[in-house]
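See structure below.
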Amino acid sequence: MKGDKPTIGFGTTGGVKLGDKITPPKALERALRDVTKFEGAIKQCVTVPLYQYEFDAYASLAYNIGPTAFCNSTLVKKLNAEQYAEACAEISRWNRQGGRVLQGLVTRRAAERAQCEGPA
């Protein structure tokens, strides 16, 4: 499918070529390095305080869509305007790849949004 990127480990795409393989320990090491990068992006572009569960939901989203897309998103604009509920709702909009809605992304975004909205 056009637009697909090869992944290894826990969904890492950076520098990955089709057919690349990784061991479980190296995959974990790479995932931790990647998460640190995406957490850094959140800390750079989000200017309001977050609960840990919100931060974790946004880190998951940023990991999947990339730090540039995350920081330039309407979600971050709403979040920085202290529109917390509206920002969480924006997570659901990131459910497409190559212009097509993918059920896997719908499911992932529903989980991230629920986490963002916090304990009931």
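The values are calculated or read from the model by the stated rules, or taken from the named source; none is laboratory data. Note that the structure is predicted; figures quoted are calculated from it, not measured. Every residue, glycine as well, gets a Cβ built from its backbone with ideal geometry; the counts of neighbours run over all protein chains shown.
In this structure, does V35 turn out to be β-branched (V, I, T) and under 12 Å from the mean Cα position of the chain (by Cα)?
Yes: the conditions hold for V35.
Here is a check on your reading of the model: is G15 farther than 26 Å from P119 by Cα, in contact with a Lys or Arg (Cβ under 8 Å, 6 or more places away or on another chain) and modelled with pLDDT under 95?
Details: farther than 26 Å from P119 by Cα: yes; in contact with a Lys or Arg (Cβ under 8 Å, 6 or more places away or on another chain): no; modelled with pLDDT under 95: yes.
The answer is no for G15.
Checking D34 against (1) surrounded by 14 or more Cβ atoms within 10 Å (Cβ to Cβ); (2) more than 25 Å from L79 (Cβ to Cβ): exactly one of these is not met. Which one?
The one condition D34 does not meet is (2).
Limited to region 72-105, what total is found for residues that are loosely packed, with under 14 Cβ neighbours inside 10 Å, of a type in the set (A, V, I, L, M) and touching a helix residue (DSSP H, G or I) at 6+ places or on another chain (Cβ under 8 Å)?
Number of matching residues: 1.
Could you tell me whether T47 is within 21 Å of T7 (Cβ to Cβ) and exposed (fewer than 12 other Cβ atoms within 10 Å of the Cβ)?
Values: within 21 Å of T7 (Cβ to Cβ): no; exposed (fewer than 12 other Cβ atoms within 10 Å of the Cβ): yes.
No: the conditions fail for T47.
Residue pairs, Cβ under 6 Å, 6 or more apart or interchain, first in region 96-107 and among the hydrophobic types (A, V, I, L, M, F, W, C) and at pLDDT below 95, second exposed (fewer than 10 other Cβ atoms within 10 Å of the Cβ) and part of a strand (DSSP E or B). List them.
Partner pairs satisfying both residue conditions: none exist.
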